[in-house]
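What follows is a single structure, and I will ask about it in a moment.
None of the figures in this text is laboratory data; all of them are computed from the coordinates on show. Nothing here was measured: the structure is a model prediction, and the numbers come from that model. No Cβ is skipped: glycine too gets one built from the backbone with ideal geometry, and neighbour counts run over all protein chains shown.
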Amino acid sequence: MIVRLLFFILVFAIGWVIYRQFAKTIMAKSKSVKKTKDTNHEEPMVKCATCGTFIPKSHAVYDHNQTPFCSVEHKLEHKSQ
Ligand SMILES: [Zn+2]
């Protein structure tokens, strides 16, 4: 009976240590996910005036009216319309 009790305590202790390690890993992972989400939010998306595709602001091509385009081709296409 006492041996069984000791066995359960041991299993519980090992389980607790594993759980702590697991929780730490999950916390670290969720923190890094939040960080990547934040960096994504820092990059606003703009809509191409010709085809309507969303592109990151820094990747967009702008004309003299500050209208965003996904590519130089679409910028030229929009002007000819
Ligand atoms: Zn486009």
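Note down all Cβ pairs under 8 Å where the first residue falls in the stretch 41-52 and is on the phi > 0 side of the Ramachandran plot, the second is outside any loop (DSSP other than H, G, I, E, B) and within 13 Å of the ligand (Cβ to nearest atom), and they're at least six residues apart or on different chains.
none
Any residue that is in contact with a Pro (Cβ under 9 Å, 6 or more places away or on another chain), in contact (Cβ under 8 Å) with a residue 12 or more places away in the chain and within 11 Å of the ligand (Cβ to nearest atom) - is there at least one of those in the stretch 62-70?
No.
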